[in-house]
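Participant: Here you go, one structure.
Throughout, read-outs are computed from the coordinates displayed, never taken from laboratory work. Predicted model, so just to flag it, every value in this text is computed and none were measured. Note that we place each Cβ from the backbone using ideal geometry, even for glycine, and neighbour counts take in every protein chain shown.
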Amino acid sequence: MCGIIGILSTTKKDVGLYIYDALTIIQHRGQDAAGIMTANKGRFFMRKGNGMVRNVFRTKHMEKLIGDMGIGHIRYPTAGSSSEAEAQPFYVNSPYGIAFAHNGNLTNANALAQEISEQDLRHINTNSDSEILLNILASEIAEEQKRRINENDIFKAVTKLHQRVKGAYAAIGMIPGYGIFGFRDPNGIRPLILGERTTKEGTKYMLTSESVALTALGYKITRDVEPGEAIVIDRKGQVHSHQCSENPRLSPCIFEFVYFARPDSIIDNISVYKSRLRMGEKLAQKIKSKWSDEKIDVVIPIPDTSRTAALQLANELDVKYREGFIKNRYIARTFIMPGQKQRKKSVRQKLSAIELEFKDKNVLLVDDSIVRGTTSKEIVQMARSAGAKKVFFASAAPPVRHPNVYGIDMASKNEFIAHEKTTDEVCEAIGSDKLIYQNLDDLIWSVSQGNPDIEVFDCSCFDGNYLTNDIDKPYLDNLEANRSDEAKASNISNESSELIYNDAD
């Protein structure tokens, strides 16, 4: 799960500064690497590197990132690599010169890599499926063999790309001297939204992963990019759009609403904040029916993502809500940490308990989800050390039991604490007195209330139903072998691995 930004200005050549600001706003989507590429007078200007946005860019870099159009990317790796060569944006010289940034995961990446080499006669220089996606697009655009490109050429290329590519992808590209473009996979699993900002000086257009990047910078939300759709914005500020898929069906990733997206974002017309309120409401109803004999003195969220659900849960239960943990905001999100040991070490550095909120109380801890259980176990121990009499645990999401193949770092089922375990067994493993999970139907209801037109969500990590219909046991076995924590550790120490993995998830 990464973050992508594309901005085009009809007047000023200052888009680099706006891309920088937008990337900091969606920094939560990836903290491994960052990059910006701008275009001015037919030339590309780029800066990218490992680390968070504030660490990658300095004044001297920003002064060189001039242009009236540009794209940006923040990386969250799914295979543990932190190679600077894998940082985005990527670009190819032919045809026209195309810069590119991608969020998602291609499920047929290995077959495509061979196809690109043997049929398209193009060279792949990294282990990233984002570069594969870029080269497929470039190859299809090159088929037209035209001196000048127009929006219809891009629409034709994206149409052919959809026919070749499987998986989840939202992508943004730029062609110097022409404009920027963006497209979304036919299932709309990964988010992409369009906005604009008009002043006396002219208009700026932005394509990005989350609406909060638009609203925080004074842009007006235009609309979400539809599944299978491509949008082209030329240098004159004309916005062109075309449906490039024969059978598009909006099926967004439900985990965006559970964990990844900021609560002040709106994705596919659904308020993330309100969906999390409803998660808390439904979870409270389940607690009332299942735990009627238990006395809960206080509800405490595990910051930050669970706060909204926990607050509504406390209101529904008529129990005090308290902030019992203080978060060190300079520690990265532990879910994104590349290895289990690093995750475990980070929990104590990340959180500290306020003893007076725990001492001699029956505490209900609320988290957005439980994946590997490392954080949950550490936090339960922290609550007990702070003097809690009983520690109950509630998850706003159902048990995670299946690998995610669409760009979230949940590939190895054997590393999920709920794999082949009952709720009672997970409860024992994390050390809590009681544990309760959200029902999947209630989670779907909580999100779908924001947009009743959406009939299906990608819930694959909860129910094992893969929307692209190309996932079988050999694929999952290979995924687990290559993306387990052990494999990630090997990748980190050996950057020459031939494994194709997705660094744009």
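Participant: Please give the charge dipole size of the chain, origin at the Cα centre, charges +1 on K and R Cβ atoms and -1 on D and E Cβ atoms. Round to the nearest 20 debye.
Facilitator: Here the chain has a charge dipole of around 1840 debye.
Participant: Can you compute the FRET efficiency between residue 385 and residue 329 using 1/(1 + (r/R0)^6), with r the Cβ-Cβ distance and R0 = 25 Å? Round to the nearest 0.05.
Facilitator: Details: r = 22 Å, r/R0 = 0.90.
Rounded to the nearest 0.05, the efficiency is 0.65.
Participant: Let me ask something additional. Residue by residue through the stretch 64-71, what is 3J(HN,Hα) from phi via Karplus (6.51 cos²θ - 1.76 cosθ + 1.60, θ = phi - 60°)? Round to whole Hz and write x for glycine and proline.
Facilitator: 8, 8, 8, x, 9, 8, x, 9
Participant: Just to confirm a number: summing +1 for Lys and Arg and -1 for Asp and Glu over residues other than residue 47 whose beta-carbon lies under 10 angstrom from that of residue 47, what do you get?
Facilitator: Values: positive: 48, 58, 60, 64; negative: none.
With Lys, Arg at +1 and Asp, Glu at -1, the neighbours total +4.
Participant: With 20 Å as the cut-off, how large is the P(r) tail for the stretch 259-466, expressed as percent of Cα-Cα pairs? Can you show the working numbers first?
Facilitator: Numbers: 12065 of 21528 pairs.
Tail fraction, whole percent: 56.
Participant: Which whole-Hz ³J(HN,Hα) couplings does the stretch 5-10 yield from phi under the Karplus relation 6.51 cos²θ - 1.76 cosθ + 1.60, θ = phi - 60°, glycine and proline marked x?
Facilitator: Running phi through 6.51 cos²θ - 1.76 cosθ + 1.60 with θ = phi - 60° gives 9, x, 10, 10, 10, 7 Hz.
Participant: While we're here: Give the shape of the stretch 186-241 as rounded, prolate or oblate, defined through the alpha-carbon gyration tensor: a ≥ b ≥ c are the square roots of its eigenvalues, a/c under 1.5 means rounded, and otherwise the shape is prolate if a/b is larger than b/c and oblate if not. Don't skip to the end; give the middle numbers.
Facilitator: On the way: a/c = 3.36, a/b = 1.40, b/c = 2.40.
Taking the square roots of the gyration eigenvalues as a ≥ b ≥ c, the stretch 186-241 is oblate.
Participant: Continuing with this model, one more query. Given that just one value was derived from the coordinates, which of (1) 1.08; (2) 0.97; (3) 1.23 is Cα Rg over 2.2 N^0.38 Å?
Facilitator: (2)
Participant: Right, here's the next one. Figure the gain on full extension for residue 163 and residue 148 (residue separation times 0.36 nm, minus the Cα-Cα span) and round it to one decimal in nm.
Facilitator: Gain on stretching residue 163 to residue 148: 2.9 nm.
Participant: Any lysines with Cα under 20 Å of the residue 377 Cα? List them, leaving off those in the same chain fewer than 8 positions away.
Facilitator: Cα-Cα hits under 20 Å: 327, 341, 344, 345, 350, 359, 361, 389, 390, 413, 421, 434.
Participant: Along the Cα→Cβ direction, 7 angstrom out, place labels at residue 111 and residue 288. What is the inter-label distance in nm?
Facilitator: Inter-label distance under the simple model: 5.0 nm.
Participant: Considering only 471, 289, 257, whose Cα is most displaced toward the positive end of the charge dipole of the chain, charges sitting on Cβ of Lys, Arg (+1) and Asp, Glu (-1)?
Facilitator: 257
Participant: Follow-up question, since we're still on this one. Taking the highest mean first, how do the peptides 224-236, 451-463, 114-126, 9-21 order by number of other beta carbon atoms within 10 angstrom per residue? Before the final figure, lay out each step's value.
Facilitator: Details: 224-236: 21.7, 451-463: 18.0, 114-126: 13.3, 9-21: 20.2.
Result, highest mean Cβ count within 10 Å first: 224-236, 9-21, 451-463, 114-126.
Participant: Taking +1 at the Cβ of each Lys and Arg and -1 at the Cβ of each Asp and Glu, which of 267, 375, 449 sits farthest along the dipole of the stretch 259-466 towards its positive end, judged by Cα position relative to the Cα centre?
Facilitator: Positive-end residue among those listed: 375.
Participant: Continuing with this model, one more query. Can you give the net charge of the other residues whose Cβ lies under 13 Å from the Cβ of residue 293, counting K and R as +1 and D and E as -1? Don't jump to the answer; show the numbers that get you there.
Facilitator: On the way: positive: 288, 290, 295, 390, 434; negative: 294, 433.
Spelling it out: positives minus negatives among the neighbours equals +3.
Participant: If you don't mind, there's one more thing I want to ask. For residue 189, list long-range residues whose amide hydrogen, built 1.01 Å from N in the peptide plane, is under 5 Å from its own amide hydrogen.
Facilitator: Under 5 Å from the amide H of residue 189: 169, 251.
Participant: What distance in nm separates the simple spin-label points at residue 198 and residue 424, each placed 7 Å from Cα in the Cβ direction?
Facilitator: 6.4 nm
Participant: So which lysines can residue 13 reach, going by Cα to Cα under 17 Å and dropping same-chain residues fewer than 8 places off?
Facilitator: 41, 60, 64, 200, 204, 236
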